[in-house]
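Quick note: the coordinates plus some simple rules give every number you see, no bench work behind them. Quantities reported herein were computed from a predicted structural model and do not represent experimental measurements. Here the Cβ positions follow ideal geometry from the backbone for every residue, glycine too, while neighbour counts run over all protein chains shown.
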Amino acid sequence: MKNVLFFDMDGVLADFEGGLGGDFKNMFATGFFKTLPVIENGLNETMEELQQQGYVIKILSKACVKRNDKRFVGQVNDKIDWVKEYIPCINTDNIIIQATDEAKGDILANIDLEVNACYLVDDYTPNLAVWSFAGGLCIKKAKRIKNRSFKQILNVVELANEGV
């Protein structure tokens, strides 16, 4: 069985809240996603360690607009540029950016879950619920550990140290 880790970006890898600065309109500005600070120092090294442990690493994030919005392509490019800068060990073929009206769990329909254990690492519980309903496994990137039905981590380096 192959373990595939799908990482959300905003709030998991990139400091979305810090980048907003308290103003939600900022997320629609050109270049916003490209300039978000990285949440954890050594993120690329952590991802490389996970790859060396045999995990397939993918990024699964959402733009803040629908596909037909003229800002969609810009947000996608910003997110890809962010990954290239902070996590260059991730191949751009492994970056998936969805529109706001697409469900993260939908991509599991094209994956053989009999041979792939697909984990979503996300900070947004509704995304994890949809992912789980579609047959995936969930890891909550939490600000603090609570009583939940799925694994929780405070930072990504925990996965490299402890595994899934």
In segment 131-163, what count of residues is obtained for those that are touching a strand residue (DSSP E or B) at 6+ places or on another chain (Cβ under 9 Å), surrounded by 15 or more Cβ atoms within 10 Å (Cβ to Cβ) and β-branched (V, I, T)?
3
Is there a residue being touching a residue at least 60 places away in the same chain (Cβ under 8 Å), surrounded by 14 or more Cβ atoms within 10 Å (Cβ to Cβ), closer than 21 Å to L128 by Cα and among the hydrophobic types (A, V, I, L, M, F, W, C) anywhere in segment 73-82?
no
The condition from (1) more than 22 Å from V38 (Cα to Cα); (2) in a loop (DSSP other than H, G, I, E, B); (3) aliphatic (A, V, I, L, M) that V130 misses is numbered (2)
In segment 110-130, the residues that are exposed (fewer than 11 other Cβ atoms within 10 Å of the Cβ), farther than 16 Å from D10 by Cβ and not charged (D, E, K, R)
N110, V115
Segment 67-100: number of residues that are in a loop (DSSP other than H, G, I, E, B) and within 19 Å of F16 (Cβ to Cβ)
6
Which of (1) among the acidic types (D, E); (2) touching a residue at least 12 places away in the same chain (Cβ under 8 Å); (3) closer than 27 Å to T30 by Cβ does D106 not meet, given it meets every other one?
(3)
